[in-house]
Amino acid sequence: MRSKYIVKDVLKEITQTLNSKIPRASREAQLLLMAHLDVDELWLMMNRDKEVENIDRLNSWIERRVKNEPYEYIVNSVSFYSQEFYIAEGALIPRPETEILIDEILKNVKDKDSDLTFVEVGIGSGIISIMLALKLKNAKFIAVDISQKALDIAKINIEKFGLSDRIELRLGSLLEPINEKIDYLVSNPPYIADEEILESNLSYEPQNALFGGAIGDEIIKELLDEVLKREINFFSCEMGYDQKDKITNYLKDRDYKALEFYKDLSNFDRGFTLR
Ligand SMILES: C[S@@+](CC[C@H](N)C(=O)[O-])C[C@H]1O[C@@H](n2cnc3c(N)ncnc32)[C@H](O)[C@@H]1O
């Protein structure tokens, strides 16, 4: 056991440990050490000879990262839409493409001061409802999730942003816990087919946040049925890159005003708004 652990040596050692196990090992070593010390990149550059304390915690983080556990679950933090959110196993790690869903919704809401009632199905960590609540100051949100663990994580974030009086959480499936009139339905539902084999780091994420059924689009279709039945004015939803035709066909001969798809930054079809 060494008596002193110094920033520059620790960085080198973490990089060596991570090297054969994960890509971008030296960057990850920096990120883990920065999170452990609660410092930024500049501090790390300027303090290479400082001592690192509480090395046992850092070592336990590295052991977890070597097993490919996502960095975000280890440090309990994720950045989304330029904000920091709490995250833990039990809620999906927010994906950057979901920022586009938020932009699409904001484009559709012409009057940003209106007091619309939004419902989100599958709130997960809370990122969508929270970002929308921050942008639309008079809107009210009811958010549903089938997972109590996800709701617990969302609650932490809702409190962190001081939005407990505007975002209400309900446990249940799809729109079953909602009797209110909905102005705008939002969802980033699970939409991957059950049989699809995913990268190993995804095994840490809740499976009911990823898999949407045998084909993958089952939950989206159930939500579409609800939107038409309840005559909800707007429904914006993320989807898989190969689901555009299936959704278009599903709505063939149904009564609606408009169906517009949007793409992600890699130019894949990624979601739609139904009016
Ligand atoms: C893809 S994650 C999205 C989480 C978060 N909104 C985001 O964008 O990061 C899907 C979420 O839907 C929830 N979910 C799955 N099936 C559901 C159902 N039938 N009813 C309500 N929520 C469901 C999962 O627990 C998970 O939190």
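Nothing in this text is a laboratory measurement; each read-out follows from the coordinates by a stated rule. Not measured: the values here are computed from a predicted model. Cβ placement follows ideal geometry from the backbone for every residue including glycine, while neighbour counts extend to all protein chains displayed.
Miscellaneous remarks
- Other residues lying with their Cβ under 10 Å from the Cβ of residue 137 contribute a combined charge of +1, Lys and Arg counting +1, Asp and Glu -1.
- Mean separation of Cα contacts under 8 Å (6+ apart) over length of segment 7-67, as relative contact order %: 43 percent
- Rounded Å value of the spacing that divides the Cα centres of segment 187-251 and segment 94-163: 18 Å
- Of the chymotrypsin sites (Phe, Trp or Tyr not before Pro) in segment 199-275, the ones in a loop by DSSP (not H, G, I, E or B) with at most 16 other beta carbons within 10 Å are 241, 256, 268.
- In the chain, helices alone account for a calculated mean residue ellipticity at 222 nm of -11000 deg cm²/dmol, with every DSSP H run of four or more residues adding -39,500 (n - 2.57).
- Most mobile listed residue (212, 124, 90) in the chain, GNM with C-alpha springs under 10 Å: 212
- Remark: 61, 43 ranked as 43, 61, counting other beta-carbon atoms within 10 Å and listing the fewest first.
- Measuring r between the beta carbons of residue 66 and residue 171 and using R0 = 41 Å, the FRET efficiency lands at 0.70.
- Here the simple spin-label model places points 7 Å from the Cα toward Cβ, and for residue 4 and residue 50 these points are separated by 1.6 nm.
- Relative contact order, percent, the chain [alpha-carbon distance under 8 Å, six or more residues apart]: 13 percent
- Among 34, 239, the order by Cβ neighbours within 10 angstrom, fewest to most, reads 34, 239.
- Base-10 log of normalised Debye intensity for the chain (one unit scatterer per alpha-carbon) at q = 0.11, 0.14 Å⁻¹: -0.69, -1.00
- Peptides ranked, highest mean first, by Cβ atoms within 10 Å: ranges 186-192, 20-26, 142-148, 102-108: 186-192, 142-148, 102-108, 20-26
- Hits among aspartates and glutamates - C-alpha to C-alpha of residue 50 under 20 Å, sequence gap 8 or more where chains match: 9, 13, 28, 38, 40, 41
- Spin-label model, residue 112 to residue 20: label points 7 Å out along the Cα-to-beta-carbon direction sit 5.3 nm apart.
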